[in-house]
Amino acid sequence: MERLPILKIGPMLLVSIQVDLRDDMVIALQEDLAERIVDTGARGVVIDITALDIVDSFTGRMLATVAALSRVLDAETVVVGMRPAVAITLVELGLSLDGIKTALDVERGMRLLSSGGGSGR
Amino acid sequence: MTAQELPIAGDADVVRVRQAVRAAAVAAKLSLVDQTKLVTAASELARNTLTYGGGGSAVIEEVFNGLRKGVKAVFSDKGPGIADLKLALTDGYTSGSGMGLGLSGSRRLVDEFTIETATGDGTTVTVIKWAR
Ligand SMILES: Nc1ncnc2c1ncn2[C@@H]1O[C@H](COP(=O)(O)OP(=O)(O)OP(=O)(O)O)[C@@H](O)[C@H]1O
Ligand SMILES: [Mg+2]
C-alpha cells in the first residue's frame, strides 16, 4: 500500500497530503505519525490538506485522533490549508473538529507551533 | 451523460466513486461548494455501502427538472438492511466505530435524500443535488 511521506523539519513533522485518500492510507498515516512522533521526539505536527478537495467523517476522525494522540505524546498538531468549500461542508456534515488547531498555510502553522499556542492567523 | 455504474468492493472503489461524482457535478455546473457537498455525501454513502452493506454499487447520472440540471447518485447493497432507520439517521448514532454522521450528515448536504431498506434485504440510498 502507498503510504504518505512524513517529513521531519527541525523539531516538527510535516505531512502534505497530495493524493486522493483511501481509508487504508488514512489509518496507516495515523499509525505512522504516532510512531514518528515517538521516534523523533517531535514537538509539533503540521498536516497540510491544501490539496484535499473533501474531508469526510473518516478523514475528519483521523485528524481529531492525530490531534489527540499527539497531545498524549507531548506534541501539538496543526491542520493547515483547509479550503473554504471543505470548511463549509464539514460544518454542515456536523463535524466540529473541536480541539484541532488550524492555520491558513504551512508557514503560519509552523509559526503557531513554535510559538506554542495562540491563533495561527 | 448516460448513467454510470461503479462497483463498491474496496477502499479504492470509494475513491473512484468520489471522482466520478465530482466529474458529474462539474458537468452539471454545480457550484464549487455544492460539488464539495455532493462528493462528501457520496463518500459517506459509498463507505456505508462497503462497511455495512458488504459492498454494492453506485449509479451516477445527470438529471433534469425543466431547465435545471442536477446529479443523482444511487448507492445500493444487498447487505443486512437497516432495522431502525430513525435511529440510524440520528446524529451521532453508530453501530460500529464511526462518528454516526454519515447518513444524517449526508442528508443535510444534498437536496433530495431517500432510503429504501428492509431487514435482510439490503439498502438503497438515493441522493440528488441540483444546480442553483
Ligand atoms: N448500507 C447500510 N447497510 C446497513 N446498515 C447501514 C448502512 N448504512 C448505514 N447503516 C447503519 O446506520 C448507522 C449510521 O450510519 P452513519 O453513516 O450515519 O454512521 P457510521 O457509518 O456508523 O459512522 P460515520 O459515517 O460517521 O463514520 C451505521 O452505524 C449502521 O449501523
Ligand atoms: Mg458512515
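The values are calculated or read from the model by the stated rules, or taken from the named source; none is laboratory data. As the structure is a computational prediction, the values presented were derived from the model and not from experiment. Cβ sites come from the backbone with ideal geometry, for glycine too, and all protein chains shown count toward neighbours. Side chains included, ligands, DNA and RNA excluded: accessible areas come from the protein's heavy atoms. Shrake-Rupley method; radii C 1.70, N 1.55, O 1.52, S 1.80 Å.
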Counting only other chains, what is the mean number of Cβ atoms within 10 angstrom of the Cβ of each residue in peptide B:95-104? 3
Under 29 Å from the Cα of residue A:8 - lysines, other chains or at least 8 residues apart: A:101
Just the number, please: percent antiparallel of the DSSP beta bridges in the stretch A:6-115, rounded to the nearest 5. 20 percent
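Can you give me the % of accessible surface on chain B that is carbon or sulfur? Probe 1.4 Å, all protein chains present, nothing else counted.
Details: 3260 of 6050 Å².
Carbon with sulfur: 54 percent of the solvent-accessible area.
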When you look at the Cβ of every residue in A:18-25, what mean number of other chain Cβ atoms sits within 10 Å? 4
Please compute the alpha carbon radius of gyration of the stretch B:1-63, then divide it by the globular-protein estimate 2.2 N^0.38 Å. Two decimals is fine. 1.06
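In Å², what does the accessible area per residue of chain A work out to with a 1.4 Å probe?
46 Å²
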Could you work out what % of the accessible surface of the stretch A:6-115 is carbon and sulfur, using a 1.4 angstrom probe and leaving DNA, RNA and ligands out of the count? 54 percent
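What ranking do B:20-29, B:116-125 get when scored by the average of other Cβ atoms within 10 Å per residue, highest first?
Details: B:20-29: 19.4, B:116-125: 16.5.
Ranked from most to least packed, the peptides come out as B:20-29, B:116-125.
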Taking the DSSP beta bridges in the protein assembly as shown as the whole, what percent of them are antiparallel, to the nearest 5? 70 percent
Which order do peptides B:72-84, B:43-55 fall in by mean Cβ count within 10 Å, highest first? B:43-55, B:72-84
Give, ordered by residue number, each residue of the stretch B:20-66 whose 1.4 Å probe accessible area is reduced by a minimum of 40 Å² on adding the remaining protein chains to the chain alone. B:22, B:33, B:36, B:37, B:40, B:44, B:47
Kyte-Doolittle mean at least -1.0 and Cα extent at least 20 Å along the axis: which DSSP H helices of chain A qualify? A:23-40, A:57-72
Do you know which residues of the stretch A:78-102 lose at least 10 square angstrom of accessible area in the protein assembly compared with their chain on its own, with a 1.4 angstrom probe? A:85, A:88, A:89, A:92, A:93, A:94, A:95
Expected unfolding gain across residue B:86-residue B:68 under the 0.36 nm per residue rule, minus the alpha-carbon gap, is 3.4 nm
Would you mind working out the magnitude of the charge dipole of chain B relative to its Cα centre, with +1 at each Lys and Arg C-beta and -1 at each Asp and Glu C-beta, to the nearest 20 Debye? 520 debye
Give the relative contact order (percent, whole number) for the stretch A:6-115; include only Cα pairs under 8 Å separated by 6+ residues. 27 percent
Tell me the Rg and the Dmax, in Å, that the Cα atoms of the protein assembly as shown produce. 18.9, 61
The B/A contact buries a total accessible area, at probe radius 1.4 Å and rounded to the nearest 100 Å², of 2000 Å²
How large are Rg and Dmax for chain B when only the alpha carbon atoms are used, in Å? 13.9, 43
Hey, got the average number of other protein chain Cβ atoms within 10 angstrom for residues in B:6-15? 3
Computed over the stretch B:4-130, protein heavy atoms only, probe 1.4 angstrom, the accessible area per residue in square angstrom equals 44 Å²
Give me the count of lysine pairs in the stretch B:4-130 whose alpha carbons sit under 18 angstrom apart, restricted to pairs 8 or more positions apart or on different chains. 9
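Just by accessible area at a 1.4 angstrom probe, what is the order of B:107, A:36 from largest to smallest?
On the way: B:107 115, A:36 75 Å².
Result, largest first: B:107, A:36.
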Could you work out Rg/(2.2 N^0.38 Å) for the stretch A:6-115, with Rg from alpha carbons only? 0.98
